[in-house]
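Note sheet for the following structure.
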């Protein structure tokens, strides 16, 4: 397959190595335009590829935060009408034909799919589009087939579902992997979970998520920004107060109910004042607030809501906690590590590829409030270990999980021959 329309010499990446970059038309597609981990990934790649003078277009359903951020960065965006996460046979049928028209109009060199639904629809439409381009090429009327890339940000069969649902979802994931020319797994664990499917392993490439520079506010300014327009807006804290924080969507997968249960136990075991602040919004807000109230933790736990530029507010915290039930390779831990926060996280998905237990953080079993209590108590009572974990995780993120490296490896995958 002929990739790109021309070649140009470009300065790439922070080590200033001059390399030949293929100029490509890259079409990114994602189902939703909110700003979760998958959307952050698309935003980072789209903006970085644009800096490398690639021709980038991003298409998505809705008009959320992702759309706003991309437009602010000068990246061209397109809306996909009727595209939603939930299954709707008629709407999905129309989306499929919209994608065929979109491919024909944009004529991309790369179709990069993100999220399960657009992954399946987009990969099938991409294969049909490529058949048409081969026919045009045979007739001498041009036609360049697209290279189809799918990124698995996590597999829906890891969520709490019955066996039939897991089988159907797994089958759809397998079909998407088969239809794509290459699938990016964001962690080694993510690859292992689907690598056992027939004829899949050779189509899977691990490229870890990476983070760039984070501009941190001062501790005082970050705390003021977080507490603004919350019930704690005028609350005063003693100098000894330990601030525990997290960046998480209020979803069952994030295990925040176990964190609240663990904090209720912690309150009974230590005299050091502490607070736990959750930055994020979601469908579980009412249930979590009820749990906080019933546990008598209104003075210790705050649902602060979504905050723009959440990574820059991490300087407000002393400890970062991510008690997820399932994860792939969470940006939240990368950002917390970049900010130098000692971290406690569940031993799920690709998290152990980031944190070495008791060396660069603490790993706990998911769904285990008691382990959350013990880990927090240990870090609160051992400030020297907090400092050791802080230094170790910051070095690890800088060394292994850099946005520049992620971009470089992804570009190399784009340029491979199909």
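The values are calculated or read from the model by the stated rules, or taken from the named source; none is laboratory data. Since this is a predicted model, take the numbers as computed values, not measurements. Ideal geometry is used to build each Cβ from the backbone, glycine not excepted, and the neighbour counts take in all protein chains shown.
Given the condition over 18 Å from residue 105 (Cβ atoms) and part of a strand (DSSP E or B), answer yes or no: does some residue in the range 31-52 qualify? Yes, the range 31-52 contains a residue that is over 18 Å from residue 105 (Cβ atoms) and part of a strand (DSSP E or B). Just to be sure I understand, how many residues within the range 182-206 are under 16 Å from residue 409 (Cβ atoms) and assigned to a loop (DSSP other than H, G, I, E, B)? Of the residues in that region, 2 qualify. Is it true that residue 373 is in the same structural domain as residue 256 (by TED's automatic domain parsing) and in contact (Cβ under 8 Å) with a residue 12 or more places away in the chain? Considered against the rule, which asks whether it is in the same structural domain as residue 256 (by TED's automatic domain parsing) and in contact (Cβ under 8 Å) with a residue 12 or more places away in the chain, residue 373 comes out as yes. The set of residues from the range 357-374 being in contact with a helix residue (DSSP H, G or I) (Cβ under 8 Å, 6 or more places away or on another chain) and surrounded by fewer than 24 Cβ atoms within 10 Å (Cβ to Cβ) comprises 359, 360, 363, 365, 366, 367, 368, 369, 370, 371, 373.
What strands (runs of 3 or more DSSP E) completely inside the range 75-169 contain at least 1 residues that are surrounded by fewer than 19 Cβ atoms within 10 Å (Cβ to Cβ) and touching a strand residue (DSSP E or B) at 6+ places or on another chain (Cβ under 9 Å)? In the range 75-169, 76-79 are the strands (runs of 3 or more DSSP E) which contain 1 or more residues that are surrounded by fewer than 19 Cβ atoms within 10 Å (Cβ to Cβ) and touching a strand residue (DSSP E or B) at 6+ places or on another chain (Cβ under 9 Å).
Quick check, is residue 252 under 30 Å from residue 158 (Cα atoms) and within 21 Å of the chain's Cα centre (by Cα)? When the stated conditions are applied, residue 252 passes them. Of the set (1) surrounded by fewer than 14 Cβ atoms within 10 Å (Cβ to Cβ); (2) touching a helix residue (DSSP H, G or I) at 6+ places or on another chain (Cβ under 6 Å); (3) within 23 Å of residue 328 (Cβ to Cβ), all apply to residue 283 but (2).
Residues that are assigned to a helix (DSSP H, G or I), over 19 Å from the mean Cα position of the chain (by Cα) and without any contact (Cβ under 8 Å) to a residue 40 or more places away in the chain do not occur anywhere in the range 336-352.
Per-residue answers, yes or no, for (1) in contact with a helix residue (DSSP H, G or I) (Cβ under 6 Å, 6 or more places away or on another chain); (2) closer than 18 Å to residue 37 by Cβ; (3) in the same structural domain as residue 28 (by TED's automatic domain parsing):
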residue: 71; (1), (2), (3): no, no, yes
residue: 98; (1), (2), (3): no, no, yes
residue: 101; (1), (2), (3): no, no, yes
residue: 106; (1), (2), (3): no, no, yes
residue: 111; (1), (2), (3): yes, no, yes
residue: 127; (1), (2), (3): yes, no, yes
residue: 133; (1), (2), (3): no, no, yes
residue: 141; (1), (2), (3): no, no, yes
residue: 158; (1), (2), (3): no, yes, yes
